[in-house]
There are 2 protein chains.
Amino acid sequence: MKKFRLLAPGPTPVPPEVLLAMAQPVLHHRTPEFEALFAQARRALQWLFQTRREVLILAASGTGAMEGAVVNACSPGDRVLVIRGGKFGERWAEICQAYGLSVIPVEVPYGKAVDPQAVAAALRGEPSIAAVFVTHSETSTGVLHDLEAIAAIVRQTPALLVADAITSLGVVNLPSDAWGVDVVVAGSQKAMMLPPGLAFACLSDRAWAAAERARLPRYYFNFLVERKIQAKHQTAWTPAISLIAGLKAALDLLQAEGLSAIFARHERLARATRAAVTALGLDLFAERPSPAVTAVKVPEGVDGGAIVRVLRDKHGISIAGGQGSMQGKIFRIATLGYADAYDVLTGIAALEFTLAELGYPVRLGDGLRAAQDVLQK
Amino acid sequence: MKKFRLLAPGPTPVPPEVLLAMAQPVLHHRTPEFEALFAQARRALQWLFQTRREVLILAASGTGAMEGAVVNACSPGDRVLVIRGGKFGERWAEICQAYGLSVIPVEVPYGKAVDPQAVAAALRGEPSIAAVFVTHSETSTGVLHDLEAIAAIVRQTPALLVADAITSLGVVNLPSDAWGVDVVVAGSQKAMMLPPGLAFACLSDRAWAAAERARLPRYYFNFLVERKIQAKHQTAWTPAISLIAGLKAALDLLQAEGLSAIFARHERLARATRAAVTALGLDLFAERPSPAVTAVKVPEGVDGGAIVRVLRDKHGISIAGGQGSMQGKIFRIATLGYADAYDVLTGIAALEFTLAELGYPVRLGDGLRAAQDVLQK
């Protein structure tokens with residue numbers, strides 16, 4: 001008998017209440033029952049996004065909402081600033097380039113957070129920037145960029161600020177309206193405790209005005225069409241009905257916990273994880289770590305890929321390795337979504353076994369005790 | 001206590017085996033377990049599409065796969081032929097126009113099937129057509145276009161043939177390879193017995209060659225990227241994991257039934273439905289009716305919207321009304337996906353009650369007996 005556990009930065013575990021909601025017979029979407037469910041989910045999303053704006057619900061992965069943000073915010077020939085420094089920052093650049101935009105990168109070394117003043121300098125040097133694209137929590141490096149400071153800078157300019165909040169929404173404070181983030185995109189399979197398949201987008205009045213003017217081709221991700229129809233609790237294209245039933249159930253659970261408790265939980269679990277790996281003599285990779293995921297440097301002489309494989313094949317635990325050029329150099333343990341203290345302790349215990357099995361000197365229990373010291377408080 | 005039943009042309013009922021498969025804890029997609037599931041689903045999809053080509057699995061509604069077909073098959077300035085005659089034929093035209101293609105429509109009156117010779121004539125008149133877009137089963141009118149005859153004509157020309165098979169795949173015979181349909185797109189919430197949220201695309205060698213040359217912007221729906229990654233049993237963007245678990249379960253059920261039995265079942269249920277409504281004195285709308293959905297003219301003096309509302313609100317049965325200009329003029333009863341003889345009889349019994357309640361003269365049981373006469377054979 002082998003139990004499987006998800007400690008990866010997406011997909012994340014789905015609570016049984018949500019699995020059961022998704023296993024209900026499929027509602028027809030053109031019914032008052034579905035419309036009531038959709039309306040409740042939309043209201044709860046406004047709470048989660050800390051916004052009075054509409055939050056669009058899309059049938060797509062998070063990348064689909066990212067593409068939607070680009071094609072609705074921009075027009076041919078636009079110059080855009082993209083904060084790179086990880087796979088998901090680079091994805092913004094790839095999408096913008098696929099649509100022929102002129103991308104001015106703000107390069108950030110992997111593992112570092114962008115200096116907000118570097119964004120300010122780039123904007124001063126390029127006065128005609130239409131939009132700034134940023135990744136709030138860069139999952140590939142475990143870095144949390146300082147979105148609040150970046151937003152304060154971009155707000156002083158005519159540029160729109162577009163944030164990938166796929167692994168930050170519901171993890172750290174992100175008051176979309178108060179900070180003035182013009183487009184916030186999110187996905188279902190992270191802190192929202194759902195399987196992948198839904199994506200979300202929340203636009204400011206400035207972003208909606210840009211969408212009215214935008215001249216890139218768009219159809220499936222035409223947010224103007226979606227806004228009009230979702231206001232009537234329907235979607236432009238057939239909605240992913242079972243995932244929306246799960247969304248309602250997941251948002252009920254999140255609302256029962258409360259935003260500040262959710263943020264405190266993620267912070268506490270991530271601190272415990274960081275304390276544990278440090279106590280095992282390992283080094284953290286991110287200088288400004290995200291509470292969603294802890295990136296750890298693979299110690300000298302250990303095969304980084306083997307850490308991920310042994311955890312998964314022998315211990316039944318899915319974490320994540322490094323992506324792209326980070327492959328074999330880091331591994332990443334998530335504290336994201338439906339996760340509690342015992343999930344952290346399970347992950348650390350398995351990591352201790354795995355490191356010992358791979359010949360790295362650990363004293364079993366050192367990591368666990370360090371985590372407990374944080375979790376006891 | 002009220003039971004709800006889906007007799008709509010999407011979403012369709014989902015078998016309990018599939019609901020339970022989707023309610024399993026979410027697998028991580030970068031695991032041998034997921035890859036095995038994905039590989040099995042891909043092989044079974046080749047059986048369903050009657051193809052040796054790859055079938056791409058996308059996290060989107062069917063419309064997303066339609067957009068993908070356009071952006072991968074075409075380039076700026078291309079002239080394309082679009083067979084209209086219903087909401088979904090018109091959707092092909094809308095997508096092509098959103099991407100700046102030059103659309104030459106083949107107009108077909110609602111309720112009629114396109115004359116394949118009209119397609120041949122249009123192709124002779126326009127020798128530089130890059131692609132022909134057709135809807136196999138036009139859900140909005142209940143018409144089944146003669147895709148085999150159209151394919152035989154388009155095959156003689158350099159144009160690609162792109163077919164929306166969203167409500168025909170798994171309903172009627174569609175040998176993608178043998179007929180030479182260059183792009184076949186499908187969705188999960190029809191005969192595939194799944195909730196909405198997955199879309200599929202199957203391309204011929206000619207279509208893949210066009211995709212290599214294509215110069216429309218594409219990112220989320222870049223089929224070249226998907227093909228490369230799906231060959232390794234992964235997806236370019238996070239897959240809709242729970243729906244893919246359901247897909248495997250649904251394909252197992254379909255394979256156990258067998259293709260010819262599936263087609264015969266749909267044909268028999270649709271014939272019974274047509275016999276029943278005719279016996280009630282109603283007129284069929286489609287001249288070449290699809291076995292997926294039966295479109296019925298609303299009789300004089302009856303409120304077409306009320307038929308749909310009373311069936312839903314009083315009898316718990318979701319059928320579909322007319323869309324767009326057809327609103328109030330037709331109603332549509334599906335025999336699609338996880339449906340059997342007793343679903344048809346239930347729908348007809350409820351329709352008899354509903355018509356009587358709305359003041360239309362029916363003798364209760366006339367429709368049921370006509371349906372039974374077909375179903376007994």
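The values are calculated or read from the model by the stated rules, or taken from the named source; none is laboratory data. Predicted, not measured: the structure shown is a model, and the values here were computed from it. Cβ sites come from the backbone with ideal geometry, for glycine too, and all protein chains shown count toward neighbours.
Residue pairs whose Cβ atoms lie under 7 Å apart, separated by 6 or more positions or on different chains, with the first residue in the stretch A:270-287 and under 17 Å from A:P9 (Cβ atoms) and in contact (Cβ under 8 Å) with a residue 24 or more places away in the chain and the second hydroxyl-bearing (S, T, Y) and in a loop (DSSP other than H, G, I, E, B), are A:A270/A:T335; A:T273/A:T335; A:F285/A:T141; A:A286/A:T141.
Out of B:G304, B:G328, B:G321, which single residue is more than 19 Å from B:L144 (Cα to Cα), in contact with a Lys or Arg (Cβ under 8 Å, 6 or more places away or on another chain) and not hydrophobic (A, V, I, L, M, F, W, C)?
None of the other options fit; the residue is B:G304.
Against the definition (surrounded by fewer than 20 Cβ atoms within 10 Å (Cβ to Cβ), in the same structural domain as A:D205 (by TED's automatic domain parsing), within 23 Å of B:R312 (Cα to Cα) and modelled with pLDDT of 95 or more), how does A:Q46 come out, yes or no? In short, no.
Output the qualifying pairs, or none if there are none: Cβ atoms under 8 angstrom, residues six or more apart or on different chains, first residue in the stretch B:139-163 and within 13 Å of B:D182 (Cβ to Cβ), second residue among the charged types (D, E, K, R) and surrounded by fewer than 24 Cβ atoms within 10 Å (Cβ to Cβ). Hits for this filter: B:L160/B:R206; B:L161/B:R155.
Is it the case that the stretch A:298-316 has a residue that's closer than 22 Å to A:E267 by Cα, β-branched (V, I, T) and in contact with a helix residue (DSSP H, G or I) (Cβ under 9 Å, 6 or more places away or on another chain)? Steps first, please.
Of all residues in the stretch A:298-316, those closer than 22 Å to A:E267 by Cα come to none.
No, every residue in the stretch A:298-316 fails to be closer than 22 Å to A:E267 by Cα, β-branched (V, I, T) and in contact with a helix residue (DSSP H, G or I) (Cβ under 9 Å, 6 or more places away or on another chain).
Residues that are farther than 15 Å from B:L174 by Cα, within 14 Å of the chain's Cα centre (by Cα) and of a type in the set (A, V, I, L, M) within the stretch B:187-210 comprise B:M193, B:L194, B:L198, B:A199, listed in sequence order. Could you please let me know if A:R5 is facing another protein chain (nearest Cβ under 10 Å), over 30 Å from B:G10 (Cα atoms), charged (D, E, K, R) and under 20 Å from the mean Cα position of the chain (by Cα)? Considered against the rule, which asks whether it is facing another protein chain (nearest Cβ under 10 Å), over 30 Å from B:G10 (Cα atoms), charged (D, E, K, R) and under 20 Å from the mean Cα position of the chain (by Cα), A:R5 comes out as yes.
What number of residues within the stretch A:311-354 are charged (D, E, K, R), surrounded by fewer than 18 Cβ atoms within 10 Å (Cβ to Cβ) and in contact with a strand residue (DSSP E or B) (Cβ under 8 Å, 6 or more places away or on another chain)? Talk me through it step by step, then tell me what you get.
Residues of the stretch A:311-354 charged (D, E, K, R): A:312-314, A:329, A:332, A:340, A:343, A:352.
Now drop any that are not surrounded by fewer than 18 Cβ atoms within 10 Å (Cβ to Cβ), which leaves A:313-314, A:329, A:340.
Going one step further and asking which of them are in contact with a strand residue (DSSP E or B) (Cβ under 8 Å, 6 or more places away or on another chain), we end up with A:329.
Result for the stretch A:311-354: 1.
Scan the stretch A:10-44 for residues that are part of a helix (DSSP H, G or I) and in contact with a strand residue (DSSP E or B) (Cβ under 6 Å, 6 or more places away or on another chain) and report the count. Steps first, answer last, please.
Taking the stretch A:10-44 first, the residues part of a helix (DSSP H, G or I) are A:16-22, A:32-44.
Among the residues that remain, those that are also in contact with a strand residue (DSSP E or B) (Cβ under 6 Å, 6 or more places away or on another chain) are: none.
Result for the stretch A:10-44: 0.
Evaluating B:P196 against the criteria (1) at the interface with chain A (Cβ under 9 Å from one of its Cβ atoms); (2) touching a His at 6+ places or on another chain (Cβ under 7 Å) leaves one unmet condition, (2).
Can you tell me which of B:Q40, B:Q46 is more than 7 Å from chain A (Cβ to nearest Cβ), free of Cβ contacts under 8 Å to residues at least 12 places away in the same chain and not acidic (D, E)? Going through B:Q40, B:Q46 in turn, the sole match is B:Q46. The set of residues in the stretch A:101-121 that are under 20 Å from the mean Cα position of the chain (by Cα) and closer than 23 Å to A:E67 by Cα comprises A:V108, A:V114. Within the stretch B:199-215, restricting attention to residues that are crowded, with 18+ Cβ neighbours inside 10 Å and in contact with a Ser or Thr (Cβ under 7 Å, 6 or more places away or on another chain), which residue is nearest to the other protein chains (Cβ to nearest Cβ)? Among those that are crowded, with 18+ Cβ neighbours inside 10 Å and in contact with a Ser or Thr (Cβ under 7 Å, 6 or more places away or on another chain), it is B:A199. Checked against (1) in contact with a helix residue (DSSP H, G or I) (Cβ under 9 Å, 6 or more places away or on another chain); (2) more than 30 Å from B:G100 (Cα to Cα); (3) within 14 Å of chain A (Cβ to nearest Cβ), B:E33 passes all but a single condition, namely (1). Of all positions in the stretch A:66-75, at least one carries a residue that is surrounded by fewer than 24 Cβ atoms within 10 Å (Cβ to Cβ), within 13 Å of chain B (Cβ to nearest Cβ) and not β-branched (V, I, T).
Condition check ((1) of a type in the set (V, I, T); (2) crowded, with 17+ Cβ neighbours inside 10 Å; (3) within 18 Å of the chain's Cα centre (by Cα)) across all residues:
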| residue | (1), (2), (3) |
| --- | --- |
| A:E226 | no, yes, no |
| A:K232 | no, no, no |
| A:L254 | no, yes, yes |
| A:L259 | no, no, yes |
| A:T273 | yes, yes, no |
| A:D283 | no, no, no |
| A:A295 | no, yes, yes |
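Here the strands (runs of 3 or more DSSP E) wholly within the stretch A:80-190 that include at least 3 residues being surrounded by 21 or more Cβ atoms within 10 Å (Cβ to Cβ) are A:129-135, A:160-164, A:183-187.
Pairing residues of the stretch B:177-205 that are at pLDDT 95 or above with residues that are crowded, with 24+ Cβ neighbours inside 10 Å and among the charged types (D, E, K, R), at Cβ distances under 8 Å and at least 6 apart in sequence or on separate chains, gives B:V185/B:D164; B:L203/B:D182; B:S204/B:D182.
Is it the case, given these coordinates, that B:V14 is within 11 Å of another protein chain (Cβ to nearest Cβ), over 21 Å from B:L194 (Cα atoms) and buried (at least 17 other Cβ atoms within 10 Å of the Cβ)? Taking the combined requirement at face value, the residue does not satisfy it. Of the residues making up the stretch B:227-246, those that are within 12 Å of another protein chain (Cβ to nearest Cβ) and of a type outside the set (S, T, Y) are B:A236, B:W237, B:P239, B:A240, B:I241, B:L243, B:I244, B:A245, B:G246.
Kindly evaluate A:V172 against the criterion of being in contact (Cβ under 8 Å) with a residue 12 or more places away in the chain, among the aliphatic types (A, V, I, L, M) and more than 26 Å from A:F285 (Cβ to Cβ). No: the conditions fail for A:V172.
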